[in-house]
1. Considering only DSSP beta bridges with both partners in the chain, what is the antiparallel share in %, to the nearest 5?
2. What net charge do the residues around Met84 carry, taking every other residue with its C-beta under 13 Å from that of Met84, with Lys and Arg at +1 and Asp and Glu at -1?
3. Between Lys466 and Ser419, what FRET efficiency comes out of the Förster formula 1/(1 + (r/R0)^6) with R0 = 41 Å and r the beta carbon distance, rounded to 0.05?
4. Whose amide H sits under 5 Å from the amide H of Ile52, counting only residues 5 or more places off or on another chain, with H placed in the peptide plane?
5. Going down the list Lys320/Lys466; Lys93/Lys140; Lys93/Lys466, which pairs span over 30 Å between their C-alpha atoms?
6. Taking Cα centroids, how far is region 372-422 from region 234-251 in Å?
7. Given a cut-off of 21 Å, what percent of all Cα-Cα pairs of region 148-245 lie beyond it?
8. Work out, step by step, the length gained on full extension between Trp455 and Lys21: first 0.36 nm times the residue separation, then minus their alpha carbon distance; give nm to one decimal.
Amino acid sequence: MARIAFIYPPLMHETFEENLKVVDEDFGCLPPLSLAYAAALAEQAGHEARIIDTNVLRLGLPEVERQLREFRPHALAFTLSTYMFHRTTAWMKALRASLGVPTIAGGINVQLYPEETIRTEGVDYGILHFGIAGFPALLKAIEEGRDPVGLPEVVALDPRGRMVIGPVDPQPNPYLALPLPARHLLPNHRYYSIISQRRNFTVMVTSTGCPARCRYCAIPSRPRYLNPVDRVIAEIRQCHDVHGIREIDFFDADFFADRRRARLICQRLIDEKLDIEWSCRASIGRFNEDLLRLAQQSGCRAVYLGIETPEKEALVLLKKNVSPDQVREQLQMMRRVGVRALGFFMLGVPGETHASAARTIRYALGLPIDYAQFSRMIPKPGSDIHREHVEQTGSDYWRDLVGGRPVPPRAPNPWSRISEEALENWTKLAYLAFYYRPSYILKALARLRSTDEAWRSFRTMGRMLKAFAAPDRRSVIDPGPDTPQDARTP
Ligand code: B12
């Protein structure tokens with residue numbers, strides 16, 4: 001039996017991300033689900049696991065080092081996103097140096113950029129896909145002092161410095177072999193999201209991939225697997241009974257994508273009489289009133305919808321098959337049923353001008369939604385737009401970033417016709433215009449259910465005001481001409 005420490009370093013906003021800094025920072029404190037899955041795989045193989053979530057516990061490197069010295073791990077494990085790549089690998093490097101044990105990285109970035117990942121200092125081994133066969137095999141090899149090069153799903157360098165990717169056994173449905181995430185290793189009472197209302201709160205994912213093909217999103221490129229309903233219910237029941245969880249945010253790209261399955265899950269939640277409220281993400285047009293009523297009865301309180309933009313041409317180019325009429329219809333239906341709506345909007349879509357950005361904000365203000373999130377459109381790693389971006393700019397921004405090559409602070413946006421600075425200002429203005437309406441504030445106050453929630457909302461409102469108090473408003477007040485010369489050239 002080996003001791004494995006799973007470390008979740010501090011999440012920090014990076015300039016190249018789609019959200020404003022203040023939004024990223026106030027999004028909440030959510031559990032590291034991927035690490036909880038990986039830790040469950042380690043425990044299933046008979047090892048002792050510990051997760052250190054530095055975000056929720058507010059720990060710095062020296063304290064983590066101290067705790068690890070006590071735990072005496074045989075290996076250190078991390079999840080690597082592209083965005084957090086350098087921050088995470090800096091922690092890997094530092095902890096490997098001070099503890100002298102190998103480091104293992106799994107997660108989306110290893111999948112996207114295995115070569116750059118494995119050649120980064122501080123990373124000893126990578127795990128691809130779900131790691132069901134590979135992770136236990138790798139831990140066993142480390143424990144027994146064997147060379148793991150060539151093991152299934154393992155990415156490693158051979159003695160000659162060549163990258164070797166072990167064979168990947170295509171699983172029909174990895175969920176059938178995945179244990180439930182090890183939430184018993186997490187401080188479940190500490191987590192919350194910006195809009196959560198109850199504690200304990202957690203996030204859950206019941207499917208991977210997405211049947212929609214929106215070109216700006218990275219999720220459609222991932223294989224589609226559905227966790228069987230019985231397993232989903234078992235996970236929810238465990239959350240409820242063992243971890244005192246009373247609110248769940250489902251992070252599936254579209255929880256209602258498979259209507260039959262969604263209906264079954266809702267019906268089972270009703271039958272099992274669990275005291276759970278939940279929210280999820282869904283595509284416009286994918287759920288009807290009947291299904292939403294059942295969801296509401298089973299505890300659904302909010303649905304997040306990708307509304308993005310009212311601009312018809314951009315919607316077609318991005319393969320986002322919704323019309324503003326459909327959006328309104330769906331939102332009115334949600335009002336009738338009594339489920340809150342959060343709309344995601346993007347600024348900087350193809351052909352974006354000052355006039356269209358203003359239209360998007362007015363559109364958001366005119367919709368019956370309870371929350372809105374405004375982001376810049378960026379070429380998310382793994383999305384169609386990203387592939388197009390590589391062709392248009394002749395370089396892969398993210399590959400260069402993780403490969404340690406110099407990159408500008410933001411990936412150039414060759415689609416939008418207004419500058420990055422102006423886009424940022426429009427995004428700030430969108431938040432101010434949406435959240436600081438007296439009518440909105442009154443409604444938000446009426447919605448509050450606890451002092452904890454009230455405190456979080458006031459703090460976020462205060463921080464937003466402070467962050468947006470002194471933006472360069474010139475580009476918003478005097479937007480200038482909508483001409484191609486106005487564009488920031490890539
Ligand atoms: C839930 C979720 C979260 C949760 C939990 C995050 C976590 N890492 O656990 C929260 C809300 C906290 C979160 C935060 C962030 N997320 Co997130 N998140 C997701 C989401 C929706 C599902 C991930 C998931 O749990 N899938 C289900 C499990 C079963 O699959 P998995 O994550 O791939 O994990 C399996 C394997 O990959 C592997 N594995 C993963 N890590 C490790 C580690 C080891 C050691 C081993 C052995 C195996 C292993 O084992 C797992 C089980 O088999 C994905 C999108 C998606 N649908 O995949 C985005 C996604 C991964 N997130 C993304 C981003 C950008 C972020 C943030 C940077 C956002 C921010 N600005 O703060 C942070 C970064 C967090 C981090 N350091 O990883 C991007 C990543 C893009 C990229 N290439 O960088 C994605 C792809 C969404 C998107 N925008 O396209 N996220």
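1. Values: 9 of 49 bridges.
Of those bridges, close to 20 percent are antiparallel.
2. Working: positive: Arg87; negative: Glu14, Glu17, Asp24.
Taking every other residue near Met84 into account, the sum is -2.
3. Working: r = 24 Å, r/R0 = 0.59.
Plugging the Cβ-Cβ distance into 1/(1 + (r/R0)^6) gives 0.95.
4. When sequence neighbours closer than 5 places are left aside, the close amide H contacts are Phe6, Ile7, Tyr8.
5. Numbers: Lys320/Lys466 34 Å; Lys93/Lys140 22 Å; Lys93/Lys466 36 Å.
Lys320/Lys466; Lys93/Lys466, as the Cα separations exceed 30 Å there.
6. Spelled out, the Cα-based centre of one part sits 37 Å from the other.
7. Details: 2746 of 4753 pairs.
Roughly 58 percent, rounded to a whole number.
8. Numbers: separation 434, 0.36 × 434 = 156.24 nm, distance 1.99 nm.
154.2 nm is the gain from fully extending Trp455 to Lys21.
Where a number appears in this text, it was derived from the coordinates with a stated rule and is not lab data. Nothing here was measured: the structure is a model prediction, and the numbers come from that model. Neighbour counts run over all protein chains shown; Cβ positions are idealised from the backbone, glycine included.
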